[in-house]
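The values are calculated or read from the model by the stated rules, or taken from the named source; none is laboratory data. Keep in mind the model is a prediction, meaning the values are calculated, not measured. Here the Cβ positions follow ideal geometry from the backbone for every residue, glycine too, while neighbour counts run over all protein chains shown. For accessibility, only protein heavy atoms count, side chains too; no ligands or nucleic acids. Shrake-Rupley method; radii C 1.70, N 1.55, O 1.52, S 1.80 Å.
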Amino acid sequence: MTVPSRMQAIEIREFGGPEVLTLTDRPVPTPGHGEVLIRVEAAGVNRPDVFQRKGGYAPPPGASDLPGLEVAGTVTTRGPGVTRWQEGDQVCALLAGGGYAEYAVAPEGQCLPRPAGLSMIEAAAVPETFFTVWANVFERGRLQRGESLLVHGGSSGIGTTAIQLAARAGATVFATAGSTAKCAACVALGATHAVNYRDEDFVTVIRDRTGGRGVDVILDMVGGEYVARNLSLLADDGRLVQIAVLQGSTATVDAALVMRRRLTFTGSTLRPRPIAEKARIAAALADAVWPWLERGDVRPQIYRTLPLERASEAHALMESSAHIGKIVLTITASSPA
Ligand SMILES: NC(=O)c1ccc[n+]([C@@H]2O[C@H](COP(=O)([O-])OP(=O)(O)OC[C@H]3O[C@@H](n4cnc5c(N)ncnc54)[C@H](OP(=O)(O)O)[C@@H]3O)[C@@H](O)[C@H]2O)c1
């Protein structure tokens, strides 16, 4: 497959607002040992990209400085030692960076086949949220069939994935979101009930809806004063899983409550985890979740697509929080150099 020497990409010119995202020209990266080069057709936009653009979320050592944590496209080149993929394979991939570009390199274990029935745009919207939800709701949170889950930020990329996967896995799902329309979207995706947190106290509503028992698992991206409220809403042996701290990282915790109710408070971040860990999560997803995607039981929710060169608009839209689901950048091939 012919690969040009240079490519178009979006770089973070300096830390700041959406306008610092700038179209640039870069060398096409070379895949290292165990890596493939992907001709990118679509790249998912995630909230962590916004934090990186603002200077608060540096790429891990060795990762591309370009933003972009997930892509879908076609394998064009195999690095040394790659066994799993062939040139021409259509994949989606979890990246540590570099997705906002015409070409990106990914460790082979972080690639998965484009799910049958999904477009490249839909496939690009899968990796970051599906890896995150799997690792946090099902692994750390140990959610089981017949249990209940509360998802905060239910209309986010993460939230729309968590609602669908948990409902498909046989859990009862509750969600919070910031508008009536967002709550309706959560219910359409499989939540039993969604609370508009601007109008109602989610603790009161969900405690009432569970007959006073509370929920088994909570997936939270808010933090701050939500921590104590979340812990108070867990059932005995409940698990609170923290994946972000949008409202602050410090909290006051009633340790006696944790003891009395045998609660677990945990959390994780995906990006700094070792390649082998991400490959293990990929294998678990291929086994448990890819069949659901290919049957159409779960589907990434695409809110809007924009061409790569309009990445600034994509970030402004994400920061407006008007979206429900995912924003995806699309890339058309430029002629080989
Ligand atoms: N730990 C990990 O491994 C990991 C991986 C990926 C993402 N994340 C985190 O997960 C979160 C969601 O990511 P995403 O890409 O799905 O983002 P997203 O689609 O932009 O969704 C974020 C949503 O959170 C709500 N929100 C924003 N600011 C808030 C605040 N201060 N308090 C309460 N709610 C707020 C908004 O909806 P409302 O209108 O409902 O408020 C917004 O739509 C981000 O914080 C991201 O950093 C963590």
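Restricting the search to strands (runs of 3 or more DSSP E) fully inside the stretch 47-111 and requiring at least 1 residues that are within 16 Å of the ligand (Cβ to nearest atom) and β-branched (Val, Ile, Thr) gives 70-78.
For the stretch 323-333, the count of residues that are in a helix (DSSP H, G or I) and open to solvent by 60 Å² or more (accessible area, probe 1.4 Å) is zero. Of all residues in the stretch 276-298, those being surrounded by fewer than 16 Cβ atoms within 10 Å (Cβ to Cβ) and either assigned to a helix (DSSP H, G or I) or basic (Lys, Arg) (or both) number 11. If you check Ala104, Ala135, Ala96, Ala72 for being more than 17 Å from the chain's Cα centre (by Cα) and modelled with pLDDT of 95 or more, only one passes: Ala104. Quick check on this structure: which one of Glu294, Glu309, Glu313 is within 15 Å of the ligand (Cβ to nearest atom) and either of a type in the set (Asp, Glu) or within 22 Å of Gly73 (Cβ to Cβ) (or both)? Residue meeting the stated conditions: Glu313. Evaluation of His315 against the conditions (1) in a helix (DSSP H, G or I); (2) of a type outside the set (Lys, Arg); (3) more than 16 Å from the chain's Cα centre (by Cα) shows that the sole unmet condition is (3). May I ask you to verify whether Arg39 is open to solvent by 10 Å² or more (accessible area, probe 1.4 Å), basic (Lys, Arg) and either in a strand (DSSP E or B) or over 27 Å from Trp292 (Cα atoms) (or both)? Criteria met by Arg39.
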